[in-house]
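Engineer: I have a structure here, written as structure tokens, and I will follow up with some questions on it.
The values are calculated or read from the model by the stated rules, or taken from the named source; none is laboratory data. If you're wondering where the values come from, they're calculated on a predicted model, not measured in any experiment. When we count neighbours, we look across all protein chains shown, and the Cβ atoms used for this are built from the backbone with ideal geometry, even at glycine. Note: accessible area is taken over every heavy atom of the protein model, side chains too, but ligands, DNA and RNA are not part of it. Shrake-Rupley method; radii C 1.70, N 1.55, O 1.52, S 1.80 Å.
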Amino acid sequence: MNATSSDDPGRIVLLTTSHRVAPGLLSWPAWQVLRTADRVLCADAAHPQLPYLRDAGIEVEQAAPTAQELVDACAGGRTVTVVATGEGEPRLTDGLARLAGSGRVQMPDLELLPGSYDLPGARLLDLVQVMDRIRTECPWSSTQTHQGLAKYGIEEAYELVEAIESGDRDELREELGDVLLQVVFHARIAQEGRPEDGTEAFSIDDVAGTIVEKLIHRHPHVFGDDTAETPEEVKAHWLRTKAVEKQRTSVTEGIPLHQPALALAAKLASRTRTAGLDVPLPVGDGIGYELLALAARAEAEGIDPETALRAAARSYRDAIRVAEEGAAAG
């Protein structure tokens, strides 16, 4: 306990914690202040930290003092630690600010002490929790299947591409979230599994674990002893590792045939060129063969034909709108 002095206004420590970190995992300064405080208060009897604090021998009083009551409790050089609720105790902090601003009260030292911190990516835990509740309680979401959601995945991917091409950062952030939602939604459905028809369950952690393993394995120049000085060397690493993993018998394996036709044609041309195969383009009548040749030519020149055509289509759209405005004005 702290030594006291009658004219010492004392000290208030507002201890905050993150619900995204396991309860009981507190910083060393947090444990120090908890152990040395004259009183430890918490307004929430169900606060997730309380069982762990009590297990550590710390006596926690359930109390929600007013600002004046808390200042009075610190009189004589006492330290009072308040374990903040999830809302951060705005009523108490506003009250303390008003007292300090009045100039009529000798205020204790006020310290805000984070007991645990969010790590990068911590908000993803919130998304998983929100998705779990929606899947359980929402009449629409609770009945969705992978097949039923497939069209939304395609739509969101296209909207993301549009946001990238527009250069709108706010729209990009929103559309990335919509794509992420599709991943989390599908993973939540997969978590349920269906043993009766042989469907094995997996979770978002399994999804993340799989991609982490894949990224580490395909980047030996980052996580291993290999070296790569140029993007071309990185791509060569990636292709060699992928070929060993997939053990494919054809360069066409793994190319989704339901993607847009220009992208499909460019992907086939890219795989053929990368494999060093000399495969002449098929010759036939009709615009389809002409488009195939254009897509192959664009890929060889390092141009994405889908992106190029979308840019041209947007210019055409703008021209149509100008024409419409002219017709309306006439």
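Engineer: Need the full-extension length gain, residue 245 to residue 232, defined as separation in residues times 0.36 nm minus the C-alpha distance. One decimal, nm.
Structural biologist: Numbers: separation 13, 0.36 × 13 = 4.68 nm, distance 2.00 nm.
In short, 2.7 nm is gained.
Engineer: Please work out the average accessible area per residue across segment 208-330, using the 1.4 Å probe convention, and give it in Å².
Structural biologist: On the way: 9030 Å² over 123 residues.
Each residue of segment 208-330 exposes 73 Å² on average to a 1.4 Å probe.
Engineer: Express the relative contact order of the chain as a whole percentage, based on alpha carbon pairs under 8 Å and six or more residues apart in sequence.
Structural biologist: On the way: 331 pairs, mean separation 44.7, N = 330.
For the chain, the relative contact order is 14 percent.
Engineer: Once you order the gyration tensor axes a ≥ b ≥ c over the Cα atoms, which shape class does segment 241-301 get: rounded for a/c under 1.5, otherwise prolate or oblate by comparing a/b with b/c? Present the calculation step by step, with values, prior to reporting the outcome.
Structural biologist: Values: a/c = 2.22, a/b = 1.79, b/c = 1.24.
The shape class here is prolate.
Engineer: Related question: Ignoring ligands, DNA and RNA, please state the percent of accessible area on segment 51-198 from carbon and sulfur, probe 1.4 Å. Intermediate values should be presented prior to the final figure.
Structural biologist: Details: 5050 of 9300 Å².
Ligands and nucleic acids excluded, carbon and sulfur give 54 percent.
Engineer: At 1.4 Å probe size, with the rest of the protein present, what percent of the exposed accessible area of segment 264-330 is carbon and sulfur atoms? Walk me through the numbers on the way to the answer.
Structural biologist: Working: 2940 of 4870 Å².
Reported share for carbon and sulfur atoms: 61 percent.
Engineer: Ranking request for peptides 296-304, 283-291: highest mean number of other beta-carbon atoms within 10 Å first, then the rest in descending order. Could the numbers behind the result be given before it?
Structural biologist: Values: 296-304: 14.3, 283-291: 9.9.
My ranking of the peptides, most packed first, is 296-304, 283-291.
Engineer: On a C-alpha basis, how far is the centre of segment 133-181 from the centre of segment 257-323 in Å? Whole number, if you could?
Structural biologist: If you average the Cα positions of each part, the centres end up 27 Å apart.
Engineer: How much length is gained on full extension from residue 214 to residue 87, taking 0.36 nm per residue of separation minus their Cα-Cα distance? Walk me through the intermediate numbers first.
Structural biologist: Working: separation 127, 0.36 × 127 = 45.72 nm, distance 3.95 nm.
Gain on extension, residue 214 to residue 87, equals 41.8 nm.
Engineer: Moving on. Projecting each Cα onto the charge dipole of the chain (Lys/Arg +1, Asp/Glu -1 at the beta carbon, about the Cα centre), which of 127, 261, 176 comes out farthest on the positive side?
Structural biologist: 127
Engineer: Report the one residue of 283, 141, 56 whose Cα lies farthest in the direction of the positive end of the charge dipole of the chain (charges on C-beta: Lys and Arg +1, Asp and Glu -1; origin at the Cα centre).
Structural biologist: Positive-end residue among those listed: 56.
Engineer: Let me ask something else. Magnitude of the Cβ-charge dipole of the chain, K/R +1 and D/E -1, about the Cα centre, nearest 20 debye? Walk me through the numbers on the way to the answer.
Structural biologist: Numbers: 32 positive and 53 negative charges, 65 e Å.
I would put it at about 320 debye.
Engineer: Could you list the GluC sites (Glu not before Pro) in segment 188-225 that lie in coil according to DSSP, counting only those with at most 11 other Cβ atoms within 10 Å of their Cβ?
Structural biologist: Working: sites: 192, 196, 200, 213; in loops: 200.
The qualifying sites are 200.
Engineer: Once you've got the Cα coordinates, tell me which of 235/267; 151/242; 242/267 are over 23 Å apart. It would help to have the intermediate numbers written out before the result.
Structural biologist: On the way: 235/267 15 Å; 151/242 28 Å; 242/267 16 Å.
Violating the 23 Å limit, Cα to Cα: 151/242.
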